[in-house]
Amino acid sequence: MNKQISTWIGIAIVAVVGLAVAAVVWFGQKPQTQVQPVQSMAGKIPTSQNQTVTNDQAIKTDKTADWKIYTNSKYGFSFNYPKELFIYEPVGEKRVYVQSTKGVVTKDTMPSDFKIIWIAYDYNNKTEPFAFFPCNSDKKYKGTVGGVPADYCESTDSHSDAGFSLEALWSKNGIKYWATTSAEGGSKDEVELLKQILATFTFTK
């Protein structure tokens, strides 16, 4: 009787040990699920393409984010311009100059890297649509300024009389507006500057 009990106890011990070994082998072969660390979204902005950009990157995408604002309350318009440039408004003239040097600039005092664009309002030139240079059809295109239709004339030929130049004409409520780069033959930088300024032009009334 005691012999039979001992036999069953031995069988039970062997079975338990076998199950333990099988469990160790099974868990050792099971692929482990890796838990990825959660990345913080602090300082990031989701985009429509499910990508993210940092706040600094988002700000840098708007080149005019830190520009100054010019406002004309009488005629009801405003525009942004680079903070390193200056506004000059000649007395008695309905013009706003945005230029790289403060105050009056003549040919004798003009720096070699001088930049200037201007916007004229209540413009009354009835004889020549584009004031400085004839605008051939290949230079003309349509656009908008301040949400209203505008006519553009752009020269990209540095050897022409106009050089690199851009002019724009638009009107609202019977008031005509005209914007242009330098009359002395502008530069690519001036053309790009005027495009950026006109993109910020807004009617305030």
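The values are calculated or read from the model by the stated rules, or taken from the named source; none is laboratory data. In this text, all values refer to a predicted model and were calculated from it rather than measured experimentally. A quick note on method: Cβ atoms are made from the backbone with ideal geometry, for glycine too, and the neighbour counts reach across all protein chains shown.
Structure summary
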read-out	value
First in the range 80-94 and farther than 15 Å from residue 64 by Cα, second anywhere and hydrophobic (A, V, I, L, M, F, W, C) and surrounded by 12 or more Cβ atoms within 10 Å (Cβ to Cβ), Cβ under 7 Å, 6 or more apart	87/96; 87/98; 89/96; 94/120
Residue satisfying all of: in the range 96-114; surrounded by 15 or more Cβ atoms within 10 Å (Cβ to Cβ), of a type outside the set (A, V, I, L, M) and at pLDDT 85 or above; nearest to residue 180 (Cα to Cα) among these	97
The range 71-93 - residue that is buried (at least 18 other Cβ atoms within 10 Å of the Cβ) and of a type outside the set (Phe, Trp, Tyr) and, of those, farthest from residue 171 (Cα to Cα)	85
The range 123-143 - residue that is closer than 12 Å to residue 176 by Cα and surrounded by fewer than 14 Cβ atoms within 10 Å (Cβ to Cβ) and, of those, modelled with the highest pLDDT	124
Single match in 194, 169 (criterion: at pLDDT 90 or above, on the phi < 0 side of the Ramachandran plot, crowded, with 16+ Cβ neighbours inside 10 Å and not in a strand (DSSP E or B))	194
